[in-house]
Structure formats: C-alpha cells, structure tokens
Amino acid sequence: MTDKRKILITGGAGLIGSLLIENLGDKYEFSSLDLKPNENVLSTVASVDDFDAIAPAFEGMDTVIHLAANPSPNGSWESNLKNNFIATYNVFELAKRNGVKRVIFASSNHAEGGNYLVPPWKHVNEGDYHLLEQDGYELVTEKNQIRPDGYYGVAKAYGEALGSYYNDYHGVNSFHLRIGWVIRDNDPTVNPHGLTLWLSHRDLVQIMDLCISAPDSYKYDIFNATSDNTWKIFDISHAKEALGYKPQDRAGSEYRSK
Amino acid sequence: MNAKRKVLITGGAGLIGSILIDKLGDKYEFSSLDLKEAQGITSTVANLDELDAIQPAFEGIDTVVHLAADRSPEGSWESILQNNFVATYNVFEASKRAGVKRVIFASSNHAEGGFYLDPPWKHINEGNFLLLERDNYELVTERHMIRPDSYYGVAKAYGEALGSYYNDYHGINSFHLRIGWVLETDDPTFSPYALSLWLSHCDTAQIIDLCISAPDLHKYDIFNATSDNMWKIFDIQHAKDALGYKPEDASGEEFELREYKRTT
C-alpha cells in the first residue's frame, strides 16, 4: 500500500480544519498548525506570522491547506497585515523551502464582495428575489475583475496573486477556493446572504478533497466554492468542469429574517 | 479663472515624477512627497511607510499620483512589504482622511509578467518576432487573470485591489496604470523587452494627464499603459477607448542588445 499523503492544515483547530480532519482523516495524514492544538492530530501551536516558529511544521509535507487568518471580513488593516498578508507569505515561502508540492488557499467571496453593491447581486444578497428571474441574470465568475469589500478581501486577492507567482517561479502549485460561507450549524436559512453563499459541510469536504487529489499536472487555478444554491451570486461551473465538483446540497429561497 | 488642481506626487523626485512636473507643471499645482526634495515644487521629505509623517502632505490635495515604491522587480519581500504594501495602504488611507477625490496608482506590467513565460508573449519578450504574425496573436488585456512575476508584481496587483475597495467603500476614485517601462534615456532599442514595453516620456505625461482630468463619474479603472509599439504584449485599446489616449510614440523592431543602467 502507498503511504498516505501528508497534509498540514494551518488553522487546523478551526471550523473548516476540524471538518476536514473529521471527514478525511482516514484518507490523509493530517497535521495542524494553529494558535491552539487540534486534539485529534499532531499539532504545532504557533502564530503563522512567526516564520521561524512555524517552519518545522512544513517539513516533509506534500500539501498545505492554508486556512489560518483573521477570519473577520471587517478586520482592521493592522490585523490583516500581520495575520493575513505576512502569514500567507510565510506559508508560501516555507512551502517552497520545504519542497511542498501544492498549497490550497482558502480565498473568499470577499475578494469579490464589492459586487454585492450593485444589481443583480445586490438583490440576491438582500433577498429581493422578485426583482430577478431565476437563472436569468449574470453570475460573478473567476474572470471578473477583483472587487474586494474589505482589507480581508484585499488580502484574499493578494493570496491568489502570490500563489500565481510561487507557481510560475518556484514550482509550488496552488489552488484558490473563493469560499462562500461555511456555517457552524450548517444551516443557511439565517438570511439571504447565507442562502446564496452557503458551502455545506459535505460540499466543503468534497471540493477540498478534489483539490488535494487533482493531478500534479494541474498547476494553478481559482474556483468559486459554494453549494448548488438556488439564488447564486457566484458561478460554480468552473469547479464542476475543471475539478469534477458535484455539490450535494442546495439552499432554497426561504430564510428566517431579513 | 479656476484655481489649478492640486496634485500630490509620491515619488515626485523620481524619473516619472520629474517628467510630470516638467511637462504638466503649468497645468497643475504639483507638490511632492519623497525621500528627497523635488526641485522647484513644494516637497515633503518623508518615508511613505510612516502614516503620521506623511498625512500633512495630503491636506488640501485634489488628486494623488502614487509612484513611490521600491521600484525593483527583484525587490526582496521585506522591502516590498514595507515600501510597496504598507506604503500603498498609507497613501489610500491618508487620502481618505484628507478627502482626496482621486488616486492614480502606478501599477505595472509586472502584475501580469508571468505571461512572458508562455508564447506568444515569450517570443516577443525574447525578440523572436519571426515566430509571430503581426497583429495576429492574442494580447494581454486588463481582463486577464492576475499573473505576477515577482513580489513587486504581487504588490502592484494588491494596490489595484486596495484601490477598488477604497473606491467602493470610501468614495476615493482610483485609476491604475499598468505602466510598461519608462526609460531615463527614452530609447527602447536596447532589448526586445524594452521595445514591447516602452512608454515614452511624452506618452507618460499624456496618459497621466488624461487620468487626472477624467470626469468624476469615471470612478475606477485599470489601464495597460505603453506607447503604440509595433510588437505589443499588452493591449492598449482600453485606454484609447475609455480615456481617449492617443499615443504619439511607437517603437519598431530593430534592437541592439545593450545593458540598460539608470544613473539615478
């Protein structure tokens, strides 16, 4: 039998990291790098902005899943600079130095969140579905110009650009998932924003697994990543076609409050 | 008569800043923010990585032309982080606090320089023009995905993204010029790369002038900016259509490989 692929998850103690370890833990040999340990796997406890402290965690890794960040879309510049800009450089640079073959970066819909200011996406985001014809409006694809809604979103766009550079010039592959919204209780009916951006737990696990196991010849890409929700803002057909993503969940039109 | 528009140039003492002051100095009231004084205009001498130190230079300014950076495409991460990432945040943030209406950012072809690795652009970059049919190959437009060739290029792509955020959420317009290559000698015949990327002094002044004077309702855009060179990598049609850019210079295809060295 072949050895399991060794995968370091930055932010392995968080929601997405825990879901991956719980659902894919038999298939891959996970370890975690986070501010606190994930009790189920080998854990390095350190801050990702501390290059020297995190370096040992990258040794011998095949793949890195980079989730750690200040996760607030409204985070301050100072916090984003440290936890999202510098930390993401550290991850790519250490991946390079340790011969890691692929980095999977948790990018975000917030790299394109400025689009929510304008119709038709504004209507979707606000639940004004009567103003739209289902499947009859333009979706935001990975080819749209970058339009972030905060320093957080700017940092995600930066991570994609940095990944492109490390792929072209340092041979570190990278996939960038513009994740919609992974919700702790997995219930998107909280509001229309949740309905459109929902990435269910099992669809998250599926699309990450597809990124991990994609062939080495596949070097770099960006994917919108939500479930197959009724009222989309983001087009997910690229992930379906290029990765074979088959989302199993679909949010509807009903939500609890506006 | 109307008062002249007040324009702050970060990096006003550098090559592009000097060209602007020389060619547009009668039209606009320029001031400079740089590590050294710009001759003949009001100058603030400060480092852009210090927000408090540079804030006064932004008071009362209508438009900021942000050129200052570690300008080396080979710049280290540490230098680019300080002089390009942090400095560009400081420029947008200081502009917001001072009520500046528009920022013109010197982005760069290096935000897309990864494309030089692949044909047809590789052939142009290397001067293998025989492998191509003129006007019959794809050009890199502003709609291509970001593909930087360096930390410098990553920082330029970041500046464009940051500008989009400040436009949408803080009402600061911004134009982002993916500048090809402005040469001290204004002579691109020393390499095929320079032939393709050349932005002449005259065309530099024109396209930045168009960005300064574009109507307020034009809020955000990205433009490839080279002269009308024979063997292009970058499509300049968008600047022609949206800004009325009419480049006056065009490089040809003759070159003699020489080292290019700046004196400043």
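Worth pointing out:
- In segment A:158-181, the residues that are crowded, with 20+ Cβ neighbours inside 10 Å and either touching an Asp or Glu at 6+ places or on another chain (Cβ under 9 Å) or at pLDDT below 95 (or both): A:TYR165, A:TYR166, A:ASP168, A:ASN173, A:SER174, A:PHE175, A:HIS176, A:ARG178
- Only listed residue being within 14 Å of chain B (Cβ to nearest Cβ), under 17 Å from the mean Cα position of the chain (by Cα) and closer than 18 Å to A:ALA157 by Cα, chosen from A:SER72, A:SER76, A:SER107: A:SER107
- Of the residues contained in segment B:91-113, none is found to be surrounded by fewer than 23 Cβ atoms within 10 Å (Cβ to Cβ), at the interface with chain A (Cβ under 9 Å from one of its Cβ atoms) and assigned to a loop (DSSP other than H, G, I, E, B).
- Of residues in segment B:123-170 being in a helix (DSSP H, G or I) and away from every other protein chain (no Cβ under 12 Å), the one farthest from A:PHE175 (Cα to Cα): B:LEU130
- Taking the listed residues B:THR263, B:THR204, the one that is within 24 Å of B:ASP22 (Cβ to Cβ) and part of a loop (DSSP other than H, G, I, E, B) is B:THR263, with no other qualifying.
- Any hit, segment B:186-207, residues being free of Cβ contacts under 8 Å to residues at least 12 places away in the same chain, farther than 28 Å from A:VAL172 by Cα and away from every other protein chain (no Cβ under 14 Å): yes
- In this structure, A:ASN224 does not satisfy being under 23 Å from A:THR88 (Cβ atoms) and either part of a helix (DSSP H, G or I) or aliphatic (A, V, I, L, M) (or both).
- Selection status of B:SER196, hydroxyl-bearing (Ser, Thr, Tyr), modelled with pLDDT of 95 or more and crowded, with 20+ Cβ neighbours inside 10 Å: yes
- Scope segment A:232-242; condition surrounded by fewer than 21 Cβ atoms within 10 Å (Cβ to Cβ) and either among the charged types (D, E, K, R) or in contact with a helix residue (DSSP H, G or I) (Cβ under 9 Å, 6 or more places away or on another chain) (or both); matching residues: A:ASP235, A:LYS240, A:GLU241
- All conditions but one from (1) surrounded by fewer than 24 Cβ atoms within 10 Å (Cβ to Cβ); (2) in a helix (DSSP H, G or I); (3) aliphatic (A, V, I, L, M) apply to A:ALA155; the one that does not is (1).
- Scanning segment B:99-113 for residues that are more than 12 Å from the chain's Cα centre (by Cα) and polar (S, T, N, Q) yields no hits at all.
- Output for segment A:145-170, where each listed residue is over 22 Å from A:GLU78 (Cβ atoms) and either more than 9 Å from chain B (Cβ to nearest Cβ) or of a type in the set (Gly, Ala, Ser) (or both): A:GLY163, A:SER164, A:TYR166, A:HIS170
- B:ASP203 modelled with pLDDT of 95 or more, among the charged types (D, E, K, R), surrounded by 21 or more Cβ atoms within 10 Å (Cβ to Cβ) and within 21 Å of B:GLY244 (Cα to Cα): yes
- Those residues of segment A:1-37 which are within 20 Å of A:ASN83 (Cα to Cα), in contact with a Phe, Trp or Tyr (Cβ under 8 Å, 6 or more places away or on another chain) and assigned to a loop (DSSP other than H, G, I, E, B), in sequence order: A:GLY12
The values are calculated or read from the model by the stated rules, or taken from the named source; none is laboratory data. Please read these numbers as outputs of a predicted model, since none were measured by experiment. Here Cβ is always computed from backbone atoms with ideal geometry, including for glycine, and neighbour counts include all displayed protein chains.
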